[in-house]
Structure formats: structure tokens, C-alpha cells
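The values are calculated or read from the model by the stated rules, or taken from the named source; none is laboratory data. Predicted model only: the values in this text are computed from it and were never measured. Neighbour counts run over all protein chains shown; Cβ positions are idealised from the backbone, glycine included.
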Amino acid sequence: MVELARGVDVVVGAGDFANTRHGVCICIEILRTIQVPAVLVPGNNESHEELLAACAEWPSARVLHGNGHEVEGQPFFGIGGGIPVTPFGDWSWDFSEVDAERLLRDCPAGAVLVSHSPPKGFLDEPAPGRSLGSTAVRDTVIRVEPRLVVCGHIHACAGQRAKIGKTPIINAGPAGVVFEF
């Protein structure tokens, strides 16, 4: 990721910087050498507060969750956590679809939507026929037509791409993906 960041204008991270709520500072310590603007959302493996604390010494990073940030005139909007609630138990940082709808209501049209959870029916199958995506994220994509959706969460879909209408969706995965507008 650090190597890929050398040739881009902005880095986007869609969560899971830790492993079951452990090691977020180790990962961010490596990533904070990235000098370009970085927009991050927490995954279900770390909370918003944990990611904010880990990024405190990374001046070019912005952690989003239910809010937005602009980079060089391009709006970004983010939502983190597992949506819908996962079966993983207390360590997983999760949200209901109702909570996600509330957190996504201010997402502007044309933004880059960074969502840890993928939209329902798109890049959300860890195994064939098992769709784990979020209806709130899918409905937001249909409603506001983001310029791009970057997600994660479903590790089996890492590096894959899809579309909802004209909106490209990318599961960036741990290896990263370069996307050019």
C-alpha cells in the first residue's frame, strides 16, 4: 500500500486495519508514512474511536464515519463497521441497517463513498449464494449515484469490481487497487 501510494493523488482505506480489535496501531504506523491525503473508514475489526486514536499522528489522514471530507474539490463520504450486524460477537464493530440509513443520509451526490460494508448484492458473497452486503449502502448508491464506491469487509471479494448503474464499486482488499477517474 505504501508503495502504491507514491503514484496517486489520494489513498482510500475501507477498514479492517486491525485483527479482532488488536494491532490497529501497528498497521497505521506503517501506513502513516504515506504523504498524500488519505481517507479512511473503520472496519468491523476496529472501532471509529480506535482508528481515530491510531491516526492521531498521521496528519494527511481523515477518518470518516457518517460524515464527509473534501480532497482537491472531490467530496468523500464514509461509513464504517459491519452492516448489517455480523455473527462475530462482541469484538466486531457493527451497525443495524436502520443505524446505517441514518449515518448515510447526508452522503452527497457525486461523492466517493467509502463503506467498509459492500452494497447488498454487489461484491458481498464470501461463498456463492450467500449475500452479506448492506441494503442501506445499496439504497444510498441508488439514491445519490456516487462517483465511486470503495468497500471491503468481504475478504473473498478483494480486488473485484462491480457497478450499480453508472457507479463503479471496488473492493480494494489488502493489496490495494489503483483507480483512475
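Quick look at the numbers
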item: Unmet criterion (only one of (1) within 22 Å of TRP93 (Cβ to Cβ); (2) free of Cβ contacts under 8 Å to residues at least 24 places away in the same chain; (3) charged (D, E, K, R)) for LYS166; result: (1)
item: Members of the stretch 159-181 that are surrounded by 15 or more Cβ atoms within 10 Å (Cβ to Cβ) and at pLDDT below 95; result: ALA172, GLY173, GLY176, VAL177
item: Any hit, the stretch 8-16, residues being of a type outside the set (Lys, Arg) and farther than 17 Å from GLY152 by Cβ; result: yes
item: Filter pass, ARG130 being surrounded by fewer than 23 Cβ atoms within 10 Å (Cβ to Cβ), modelled with pLDDT of 95 or more and among the charged types (D, E, K, R); result: no
item: Hits in the stretch 17-53 - residues which are in a loop (DSSP other than H, G, I, E, B) and more than 19 Å from HIS153 (Cα to Cα); result: ARG32, THR33, ILE34, GLN35, VAL36, PRO37
item: Any hit, the stretch 94-105, residues being among the β-branched types (Val, Ile, Thr) and in a strand (DSSP E or B); result: no
item: In the stretch 111-127, the residues that are surrounded by 13 or more Cβ atoms within 10 Å (Cβ to Cβ) and among the small types (Gly, Ala, Ser); result: ALA111, SER115, SER117, GLY121
item: Contacts under 7 angstrom Cβ, first residue in the stretch 114-126 being within 9 Å of HIS153 (Cα to Cα), partner charged (D, E, K, R), 6 or more apart; result: PRO118/ASP124
item: Residues of the stretch 50-65 classified as under 13 Å from ARG21 (Cα atoms) and not aliphatic (A, V, I, L, M), total; result: 1
item: Meets criteria (farther than 20 Å from ALA158 by Cβ, free of Cβ contacts under 8 Å to residues at least 40 places away in the same chain and not in a helix (DSSP H, G or I)) for ASP90; result: yes
